[in-house]
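Before any comments, here is the structure.
Derivation of every value follows stated rules applied to the coordinates shown; laboratory data play no part. What you are looking at is a predicted structure, and each value in this text was computed from that prediction instead of being measured. When we count neighbours, we look across all protein chains shown, and the Cβ atoms used for this are built from the backbone with ideal geometry, even at glycine.
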Amino acid sequence: MAQHLKKSLGQHFLKDEGVLQQIAAAIGDMSRFKTVVEIGPGAGALTKYLLKDKPTNFYVVELDDRWAAFLETTFPLLRGKVIHEDFLQTDLDFMQHPTHIVGNFPYNISTQIVFRIIDYKEVVDEMTGMFQKEVALRIAAKPGSKDYGVMSVLAQAWYHCEYLFDVPPESFNPPPRVMSGIIHLKRKENKTLNCDEVLFKQVVKAAFNQRRKTMRNSLKSMVNDTKLLAGDVFNLRPEQLSVQQFEDLVNLIGRV
C-alpha cells in the first residue's frame, strides 16, 4: 500500500530498518507487561518487529482510517486490537498495570501524549517513543540546563527519563526538517510525591510561566506570607530547582 501522507496528522514514516530494529531492541521483552500500546503505527513498520514475540495484549491506536483498515488486514494478531481513534481522546480503561506505551509519535501531539501518560501514571510503567529531538531533550533535561522546563519536572517527578539515541531525517519518508530522538521513561518506585500533587503541578507551571524571573516574582501571587518569600529558595530561577526542591517548596507553600 502506497504511503500517502496526511499533513494534518504530522505523518513522517520511518523507513530505516536498522533504526526500527534499534527501537524494537530498546523496547525489549514485552512479556512482562499486561498491556502494550503502540501509538500511530501507520503501515506497521515498527509493529512487525513488535509482533514477532506474539504479545497477547498488544493494541495499536491509529487515527488515519486507511492505516487502521490496513493493519487489521495485514496483521492477524491485531484483529480486534486496532483502536481507530485519536490517542488523546481514546478511552484508555482497557490498559492494565503494567502498561508499556511505544511508538513513533506524531510530532504535532507528542507533548500532549506525554502529559496524558503522566495522567495514567498508575497504569503506565514504561514508555519508549520517538519525538522531535528538541522535545525529547526537554523531557530528559536536568536542572540547570536551558532545556529544563515544565515537561522535564512533571515527567521526572514520576519517571526516570533517558535519552537513548538520535534518528536522522533521512531515516524517514518524507524527511522531516528536524532531528528526531528516542527516549525511554520508566516509572519510579515511589508511587506518590511527598506533597500535594495538584499544587505541585500548579507551582511548576506558574514558575516556568515566567522562567526568567526568580521564584519570588513568579510565585508571589500564590504565597501570602512575605516572610516565607524571604527564603533562599525564592532567590532561584525555576530551571535551578530539582524535582525534590519543587516538592519541598510545595510543602512550604501548602502549610501557609
If you take every DSSP beta bridge fully contained in the chain, what fraction is antiparallel? Give it as a percent rounded to 5. 50 percent
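In which sequence would MET179, MET151 go, from the one with the fewest C-beta neighbours within 10 Å to the one with the most?
Numbers: MET179 14, MET151 21.
Ordered from fewest to most neighbouring Cβ atoms within 10 Å, MET179, MET151 come out as MET179, MET151.
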What are the ³J(HN,Hα) values, in whole Hz, obtained from phi via the Karplus relation 6.51 cos²θ - 1.76 cosθ + 1.60 with θ = phi - 60°, for each residue of the stretch 36-53 in sequence order, with x given for Gly and Pro? 10, 10, 9, 9, x, x, x, 7, x, 4, 7, 3, 4, 6, 6, 7, 4, 8
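For a test of understanding, tell me how many lysine pairs in the stretch 25-141 have Cα atoms under 18 Å apart, given they are 8 or more places apart or on different chains.
Counting lysine pairs in the stretch 25-141 gives 7.
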Taking the Cα centroid of the stretch 57-128 and of the stretch 178-209, what is the distance between the two, rounded to the nearest whole Å? 21 Å
At 7 Å along Cα-to-Cβ for each site, give me the label-to-label distance between ASP65 and ASN173 in nm. 2.5 nm
Suppose every K and R has +1 on its Cβ and every D and E has -1 on its Cβ; what is the size of the dipole of the chain about the Cα centre, in Debye to the nearest 20? 700 debye
Can you tell me the 0 to 90 degree angle between the C-alpha axis of helix 197-209 and the longest principal axis of the chain, rounded to 10? 80 degrees
How far apart, in nm, are two points set 7 Å out from the Cα along the Cα-to-Cβ line at LYS34 and at TYR120? 1.3 nm
How big is the stretch 2-124 by Rg and Dmax over its Cα atoms, in Å? 13.5, 39
Of ALA69, ALA230, ALA207, the most mobile residue in a GNM of the chain (C-alpha springs, cutoff 10 Å) is ALA230
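Taking a ≥ b ≥ c as the square roots of the eigenvalues of the Cα gyration tensor of the stretch 197-255, is the shape rounded (a/c under 1.5), prolate (a/b larger than b/c) or oblate?
Values: a/c = 1.28, a/b = 1.03, b/c = 1.25.
The shape class here is rounded.
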As straight-line cross-link partners of LYS227, the qualifying lysines (C-alpha separation under 26 Å, not fewer than 8 residues apart within one chain) are LYS201, LYS205, LYS213
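So how strong a dipole does the stretch 197-255 carry about its Cα centre when Lys and Arg Cβ are +1 and Asp and Glu Cβ are -1, to the nearest 20 debye? Each step should come with its number before you reach the end.
On the way: 10 positive and 6 negative charges, 67 e Å.
About 320 debye.
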